[in-house]
Amino acid sequence: MFRGLTSIIYKEMFHIIRDPKTLFLMLLIPGMDMTIFGYAIDLEVSNIPTAVYNLDGRRDSREFEDMLQNSGFFTLKEFVHSDVALNEAIVRGRCSVAVKIPPDYTDQLVRGGSATVQVLLDGSDSTVAMQALQVVNAIALQKSLSIIAKSLDAPSKPPVEIRPRVLFNPDMKTPNFMIPGLVAVTMQQVTLMLTALAIVREKEAGTLEQLMVTPVSRLGLLLGKLIPYAVIGVLETAITLVIMVGLFQVPIAGSITLLALFSLSFLFTALGMGLLTSTLASNQIQAVQFAFIFILPSVLLSGFMFPLESMPTPIYWLGQALPATYYIRILRGIILRGAGFYDLLPQVIILTGMGIFLLGLAASRFHKTLD
Amino acid sequence: MSPVIAAEGLTRRFGSFTAVDDVSFSIDQGSIFGFLGPNGSGKSTVIRMLCGLLRPSRGSASVLGHDIEREVETVKRSIGYMSQQFSLYADLSVMENLNFYARIYAIPRREMRNRIEEVIDIVGIGAYRKRLARHLSGGWKQRLALACALVHRPRLLFLDEPTAGIDPVARRELWNLLFDLSGRGVTFFVTTHYMDEAERCSHIAYIHFSKLIVCGTPNELKTLPEVTPEATIRLEVRCRMLAAAMRHMNALPYVQDATIFGDSLHALVLAGHERQLVRDLDAADFGPAAAAEISPSLEDVFVTLTRNRDAR
């Protein structure tokens with residue numbers, strides 16, 4: 001039943017060794033992705049370049065400037081002296097936030113009136129604008145409360161206070177959130193691409209047909225092509241996990257054995273997608289294009305970068321149909337929350353189901369292409 | 001002795017297109033069976049059916065005594081196949097390719113070395129053992145492909161246009177190799193476009209628009225009554241200005257067909273008009289003309305048969 005299996009695996013190893021560029025690229029991808037997503041992409045907003053037009057200039061207004069600066073969100077970069085200059089700082093893109101403190105700021109505070117501070121926000125980056133708005137509101141509120149408290153001679157503590165405690169990722173570090181997801185995305189990408197290309201290459205070269213006239217069994221051929229790339233997929237996952245723990249200091253809270261076990265069910269889906277791609281594509285360029293049909297949604301719609309819950313309903317369901325969605329939940333569960341077997345059972349059952357379905361579908365299509 | 005291949009009404013349809021239509025023939029052991037026909041006439045489809053790559057839509061065939069549908073795995077073990085395009089692993093060396101095929105055919109480990117050395121010896125590729133297949137020239141690639149197809153000592157070899165795109169010297173050497181192997185009892189099923197290669201085959205079949213037109217030894221085909229119909233003879237005509245002379249001859253009432261063949265013309269004319277033809281050519285200023293009777297070439301055979309069929 002498995003006739004030819006070992007010979008195919010053995011031969012496949014030569015292909016891998018003889019094409020060090022592809023292998024190198026594939027091993028480079030996780031390193032690159034990790035650097036980009038781990039270091040560069042920081043979903044927390046800080047150091048927003050800010051322009052200030054202070055028409056008051058007295059001590060109280062300076063104090064307000066300091067509060068902005070000390071929040072850590074704003075870097076007061078420009079101090080301008082006209083409305084035009086203030087506007088220009090945003091239009092030219094030098095600053096994302098512009099604050100105009102009115103000339104009567106101190107007077108209003110002393111008089112017990114209301115000082116109006118104008119804030120201009122660059123809405124072209126909505127994430128920055130939203131967060132800046134929240135922070136600047138919070139600063140104004142805090143300032144107002146302290147003034148009211150002083151005037152009432154009341155204790156300076158607010159009556160209701162929120163004491164948040166973030167579980168599992170106490171510092172809310174972006175790498176902790178991103179990297180487990182990245183493990184899923186890279187593993188899928190590498191396994192899918194390598195599998196698809198390895199099979200399409202044989203199709204293109206006519207060697208697949210040549211093999212079919214030999215007594216090699218179909219199952220032997222299929223597994224012989226899949227196993228080497230499954231091994232690379234496992235290696236890739238191990239590498240990303242080591243980088244995650246070693247370099248980014250994201251500890252694995254749960255069981256590593258469980259993580260390895262559950263990763264296998266995702267590996268099946270990735271192999272299935274690779275095989276499916278190879279049956280759809282007739283050359284390597286097509287294979288790469290088809291592969292992106294799987295890869296792009298897995299990056300954007302799986303909850304890897306953006307929360308699924310805030311997506312429109314059809315997109316939400318599309319996200320639910322992606323294997324990566326479930327694997328990312330499993331990874332975050334085990335790595336960050338220390339979740340156990342039973343906590344993640346529903347995810348694993350769905351993922352395994354998807355794996356069986358994809359691999360089965362792809363294998364039957366693969367058999368048909370040989371006919 | 002039972003035939004090596006026996007095809008009975010072999011038919012293959014792809015959708016509404018019939019690629020191979022009711023083809024029957026049989027091949028005896030040790031023969032070199034040349035399968036001829038224009039591109040797209042169904043040659044490769046026949047090979048692919050006989051190798052078990054495609055299922056026939058209708059009809060049946062047995063290869064080495066085994067049914068190609070029911071006993072396809074048994075068939076695969078004792079045949080070799082060399083496809084049209086070079087289909088070995090370009091990134092593997094000569095030895096690695098040979099090793100791979102030896103393993104795929106499950107040749108016992110202790111025998112493997114001898115077998116590989118044996119085929120290396122047959123095709124003479126010993127000097128290139130370590131070279132990557134992609135760095136071999138066209139002729140050597142074909143020899144390697146042949147070696148890989150021989151490593152399991154097949155009794156029957158299918159070669160799909162084995163000499164397409166290789167130089168004349170390599171072509172001749174490859175044919176010498178085939179004769180050598182044929183002498184050892186290996187049967188060959190070869191497709192080709194080249195008429196001179198067809199002449200070298202012991203048996204020939206001609207397929208045209210999915211249908212088998214004729215099948216037999218080259219001599220049988222050349223003496224077919226349809227090829228040189230009664231009361232006509234084939235002439236080799238020498239004269240000046242061949243192209244103009246050909247047009248002139250085709251307009252003559254007693255000339256049935258005239259074609260340029262190298263530095264002469266081949267013509268099919270009504271018997272008894274040889275002298276008149278020479279006179280007519282001389283009179284039309286193509287002289288001095290000379291005509292001699294010849295037996296038809298295989299090309300003549302196929303052209304005539306195809307025309308007859310199209311006319312019907």
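Some observations on this one:
- Condition met for A:Ser151 (assigned to a helix (DSSP H, G or I), surrounded by fewer than 21 Cβ atoms within 10 Å (Cβ to Cβ) and at pLDDT 80 or above): no
- Identity of the residue in the stretch A:181-228, outside any helix (DSSP H, G or I) and in contact (Cβ under 8 Å) with a residue 24 or more places away in the chain, that ends up farthest from B:Leu88 (Cα to Cα): A:Ser217
- Positions within the stretch B:87-108 being among the charged types (D, E, K, R) and not in a helix (DSSP H, G or I), in sequence order: B:Asp91
- Selection over the stretch A:282-310 of residues that are more than 19 Å from A:Thr191 (Cα to Cα) and part of a helix (DSSP H, G or I) gives a count of 3.
- Filter result for A:Lys100 (without any contact (Cβ under 8 Å) to a residue 60 or more places away in the chain, part of a strand (DSSP E or B), touching a Leu at 6+ places or on another chain (Cβ under 7 Å) and assigned by TED's automatic domain parsing to the domain that holds A:Leu133): yes
- Only one of B:Leu54, B:Leu10 that is over 17 Å from B:Pro154 (Cα atoms), under 21 Å from the mean Cα position of the chain (by Cα) and outside any loop (DSSP other than H, G, I, E, B): B:Leu10
- Taken over the stretch B:253-287, the residue count meeting the criterion of being free of Cβ contacts under 8 Å to residues at least 24 places away in the same chain and either under 35 Å from the mean Cα position of the chain (by Cα) or more than 16 Å from B:Cys239 (Cα to Cα) (or both) is 8.
- A:Gln289 being within 17 Å of the chain's Cα centre (by Cα), at pLDDT 90 or above and surrounded by fewer than 21 Cβ atoms within 10 Å (Cβ to Cβ): no
- Only one of the numbered conditions (1) modelled with pLDDT under 85; (2) surrounded by fewer than 19 Cβ atoms within 10 Å (Cβ to Cβ); (3) more than 14 Å from chain B (Cβ to nearest Cβ) is violated by A:Met178, and that is (2).
- Test: residue in the stretch A:7-21 that is free of Cβ contacts under 8 Å to residues at least 24 places away in the same chain and small (Gly, Ala, Ser): no
- Here the condition is being buried (at least 21 other Cβ atoms within 10 Å of the Cβ), away from chain A (no Cβ under 14 Å) and more than 27 Å from A:Arg218 (Cα to Cα); of B:Ile166, B:Ile120, it holds for B:Ile120 alone.
- Residues satisfying the stated conditions in the stretch B:77-86, i.e. surrounded by fewer than 23 Cβ atoms within 10 Å (Cβ to Cβ) and either within 7 Å of another protein chain (Cβ to nearest Cβ) or part of a helix (DSSP H, G or I) (or both): B:Arg77, B:Gln85
- Scan of the stretch B:87-101 for residues that are modelled with pLDDT under 90 and more than 10 Å from chain A (Cβ to nearest Cβ), ordered by number: none
- The listed residue being in contact with a helix residue (DSSP H, G or I) (Cβ under 7 Å, 6 or more places away or on another chain) and among the aliphatic types (A, V, I, L, M), out of A:Ile315, A:Ile350: A:Ile350
- Of all residues in the stretch B:102-117 being within 14 Å of chain A (Cβ to nearest Cβ) and loosely packed, with under 12 Cβ neighbours inside 10 Å, the one that is nearest to B:Thr74 (Cα to Cα): B:Pro108
- Failed criterion for A:Ile334 (all others in (1) free of Cβ contacts under 8 Å to residues at least 40 places away in the same chain; (2) in contact with a Gly (Cβ under 7 Å, 6 or more places away or on another chain); (3) of a type outside the set (Gly, Ala, Ser) hold): (1)
- Residue-level check: of (1) at negative phi; (2) surrounded by fewer than 19 Cβ atoms within 10 Å (Cβ to Cβ), A:Gly254 misses just (2).
- Verdict on B:Gly34 being part of a loop (DSSP other than H, G, I, E, B) and buried (at least 16 other Cβ atoms within 10 Å of the Cβ): no
- Selection over the stretch B:70-82 of residues that are out of contact with any strand residue (DSSP E or B) (no Cβ under 7 Å at 6 or more places or on another chain) and over 24 Å from B:Leu178 (Cβ atoms) gives a count of 4.
- Qualifying residue in the stretch A:82-96 (condition: within 14 Å of another protein chain (Cβ to nearest Cβ) and either polar (S, T, N, Q) or part of a helix (DSSP H, G or I) (or both)): no
- From the options A:Pro49, A:Pro20, residue that is more than 14 Å from chain B (Cβ to nearest Cβ), at pLDDT 75 or above, more than 17 Å from A:Thr174 (Cα to Cα) and within 30 Å of the chain's Cα centre (by Cα): A:Pro49
- Filter pass, B:Arg70 being part of a helix (DSSP H, G or I), loosely packed, with under 15 Cβ neighbours inside 10 Å and away from chain A (no Cβ under 14 Å): no
- Residues within the stretch B:46-67 that are touching a strand residue (DSSP E or B) at 6+ places or on another chain (Cβ under 7 Å) and more than 8 Å from chain A (Cβ to nearest Cβ), tallied: 14
- Of the helices (runs of 4 or more DSSP H) lying entirely inside the stretch A:1-81, those carrying at least 1 residues that are farther than 16 Å from A:Ile101 by Cα and touching a Pro at 6+ places or on another chain (Cβ under 8 Å) are A:5-18.
The values are calculated or read from the model by the stated rules, or taken from the named source; none is laboratory data. Please read all numbers here as calculations on a predicted model, not as lab measurements. No Cβ is skipped: glycine too gets one built from the backbone with ideal geometry, and neighbour counts run over all protein chains shown.
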